[in-house]
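One structure is given below, encoded as structure tokens.
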Amino acid sequence: MRIPFYVALVVAIAVGGGGASVWFALNAIDGLDTLTVGAWTAYPESGTPQVDPYGRARIARDGELPLGRAEGLYFLAERDSSGQALRRQCRYRLEGGVPVARFWTLYATDRTGHAAPRPQPPAAGLHSRQVLRRADNSFDIAVGRAPEPGNWLAVTGTGDMVMVLTLYDTPVANGADARDIALPAIYRTGCDA
Amino acid sequence: MLRLVYVILSGLIGAAIVHIAILLLLPAYAERDAWSRLEQAGAPNSFVRLPETASATRGARAPDPFMAAGACRFDISESGVRVLAPEKPLFWSVSVYNRWGHNIYSLNDRTASNGLLDLVVVSPDQMIDLRKDLPENLEGAVIVEVEEDIGIVVVRVFRPDASFAPLVDGFFDTARCEPI
């Protein structure tokens, strides 16, 4: 009498739990082989035939065509340097430099795909050819909804965000060691209520 | 009570098996992967501009707003395919992907001879023929050998701001993807 109930329960836990855990994992991570530098994470193996099963499944699901090694490498930041999640209603300061690359781009997006599909001007992003630098080639970028002097990466809306820093034509894409790479630190300078 | 613990444990083991099964089968059954989208967008051996918005799945991110990309789905079962662009934008890079969206070859304008895009994708058999007698018009082209007959070539171009849009459009209008 109770056996069918138990069997149904086992199947429900297996199918439900298995499906939900894959869905959750693919939304949360881009892959297992990561290159982590401070607040930034890159997936150098992403899109190569050596990619891990999670990266492989995510590429297929999102229909992505990841950058090749001669093209560049992107770094994602979901948290600031103190470990708090990045939010659109907060202001941040990016400070530091980037490794050698022909050029780099920086923009803010999110993982929902539909909430902020494409950054619109003036929120499109920043790239290395328009950034003001200090004498030692490092830079300071203000991130927030309100305009700021100097370099300003405009964001709009509320909610979580992901910052994407892409280095194009960079030796970092060809298996660099995380200890040799310096990327900007992300400091939170304040939040709007 | 013991039976309930037993049921939950077997359920969790089942969940792990289902997790691995879905993960490994997902690429084979994905209906909206890069290849399927390009299949809907155009015929093989022709250039299509890639959309500049994120796909609507959760977890997808918007693509780089400063890059414009075009893709050409190729089928080299009969003859190789040549990707050619007569114009020189600020920066271009090209990647060859297999049917599963895995990058098998990439290069950029610094690694190409005279900075122009001229890429030939051939199968191993066609490569042997080309080695025997390289046609004169293929001199200077980058020749890439791929194992599978079908795949995707993606060309990406840097567009620092909107004023570069005509240049980028001109690049993709004159770029060709044709059988050799």
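Here the scattering of the range A:137-193 is modelled by Debye summation over its C-alpha atoms, one equal scatterer each and no solvent; at q = 0.25 Å⁻¹ the log10 of I(q)/I(0) is -1.21. For the range B:1-93, the average shadow cast by the Cα convex hull is 10.1 nm², which is a quarter of the hull's surface.
Averaged over all directions, how much area does the convex hull of the C-alpha atoms of chain B cover when projected, in nm²?
Its average projected convex-hull area is 14.1 nm².
Taking every residue in A:21-32 and counting other chain Cβ atoms within 10 Å of its Cβ, the average works out to 3. Of the peptides A:170-182, A:42-54, the ranking by mean beta-carbon count within 10 Å, highest at the top, reads A:42-54, A:170-182.
Let me know the shape class of the protein assembly as shown, please: from the alpha-carbon gyration tensor, a ≥ b ≥ c as square roots of the eigenvalues, rounded when a/c is under 1.5, otherwise prolate if a/b is greater than b/c, or oblate. Could you put the intermediate results ahead of the total?
Working: a/c = 2.13, a/b = 1.16, b/c = 1.85.
It comes out oblate by the Cα gyration axes.
Here the range A:10-101 has an Rg and Dmax of 16.3, 54 Å, counting Cα atoms alone.
For peptide B:106-115, how many partner chain Cβ atoms fall within 10 Å of a residue's Cβ, on average?
Numbers: counts 9, 4, 7, 2, 3, 2, 0, 0, 0, 0.
Neighbouring Cβ atoms belonging to other protein chains average 3 per residue here.
Set against the 2.2 N^0.38 Å expectation for a compact globular protein, the range B:55-121 has a Cα radius of gyration ratio of 1.29.
Determine the relative contact order of chain A: mean sequence separation of Cα pairs under 8 Å and six or more apart, normalised by residue count, in whole percent. Please list the in-between numbers first.
Details: 345 pairs, mean separation 54.6, N = 193.
Dividing the mean separation by the residue count of chain A yields 28 percent.
Among the residues of A:6-13, the average count of other protein chain beta-carbon atoms within 10 Å of the residue beta-carbon is 5.
Taking only C-alpha pairs under 8 Å that are 6+ residues apart, what is the relative contact order of the range B:40-180 in percent? Working shown, then result.
Details: 266 pairs, mean separation 51.6, N = 141.
Normalised by residue count, the contact order of the range B:40-180 is 37 percent.
Give the percent of DSSP beta bridges with both residues in the range B:79-172 that are antiparallel, rounded to the nearest 5. If I count the DSSP bridges inside the range B:79-172, around 80 percent turn out antiparallel. Rounded to the nearest 0.05, the FRET efficiency derived from the C-beta distance between A:Arg188 and B:Leu138 at R0 = 56 Å is 0.50.
Percent of alpha carbon pairs in the range B:120-180 separated by more than 16 Å?
Working: 1056 of 1830 pairs.
Beyond 16 Å sits 58 percent of the P(r) for the range B:120-180.
Looking at the P(r) of the range A:38-193, how many percent of alpha-carbon pairs lie beyond 27 Å? Result for the distance tail: 23 percent.
In a reduced charge model with +1 at each Lys and Arg Cβ and -1 at each Asp and Glu Cβ, the protein assembly as shown shows a dipole moment near 1560 debye about its Cα centre. Between the residues A:Ile13, A:Leu153, A:Leu76, the greatest Cα displacement towards the positive end of the dipole of the range A:1-155, with unit charges on the Cβ of Lys, Arg, Asp and Glu, is found for A:Leu153.
Each reported figure results from applying straightforward, stated rules to the coordinates on display, with no laboratory input. The structure presented is a predicted model; accordingly, all values stated were derived computationally and were not measured. Using ideal geometry, Cβ is built from the backbone for each residue, glycine included, and neighbour counts are taken over all protein chains shown.
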